[in-house]
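Okay, so here's the structure we're looking at.
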Amino acid sequence: MNAQAFDATMIAIAALERAESTDRTAVRDARRKTDYESTRGPLKFDAKGDPTLRTHMVRIENVKETNARK
C-alpha cells in the first residue's frame, strides 16, 4: 500500500505541475497524459482515465518463484 500511495502522490503532483492550474478539469486532463515509471512498473492512463498499470504477478511452484503470466 505504501507503493500505491507514493505513486498516487507523485502522479497528482506531476498532473498539477503539468496543468499549471488547480482547475479540476485541467488537472484531470493533465493526469490522462501521465507516462510515469512507478515503483510498481510503467503506468499510463487510457482515454477513459483508467490506469493501464500491468502489475507483477508471482506464482510459487516447488518453493520457487515463477512468472504467473506465462
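Results, tabulated for the structure shown:
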| read-out | value |
| --- | --- |
| Given (1) open to solvent by less than 100 Å² (accessible area, probe 1.4 Å); (2) modelled with pLDDT under 90; (3) on the phi < 0 side of the Ramachandran plot, number of the condition LYS48 does not satisfy | (1) |
| Filtered residues of segment 15-53 (kept if assigned to a helix (DSSP H, G or I) and over 12 Å from the mean Cα position of the chain (by Cα)) | ALA15, LEU16, GLU17, ARG18, ALA19, ARG24, THR25, ALA26, VAL27, ARG28, ASP29, ALA30 |
| Residue list for segment 11-23, restricted to those being at negative phi and either open to solvent by 70 Å² or more (accessible area, probe 1.4 Å) or touching a residue at least 40 places away in the same chain (Cβ under 8 Å) (or both) | ILE13, LEU16, GLU17, ARG18, THR22, ASP23 |
| Selected residue (criterion: farthest from ALA3 (Cα to Cα)) from residues of segment 24-44 that are surrounded by 15 or more Cβ atoms within 10 Å (Cβ to Cβ), of a type in the set (Gly, Ala, Ser) and without any contact (Cβ under 8 Å) to a residue 24 or more places away in the chain | ALA26 |
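The values are calculated or read from the model by the stated rules, or taken from the named source; none is laboratory data. This structure is a prediction, so every number in the text was calculated from the model and none was measured. Here Cβ is always computed from backbone atoms with ideal geometry, including for glycine, and neighbour counts include all displayed protein chains. Please note that ligands, DNA and RNA were not included when accessible areas were found on the heavy atoms of the full protein model with its side chains. Shrake-Rupley method; radii C 1.70, N 1.55, O 1.52, S 1.80 Å.
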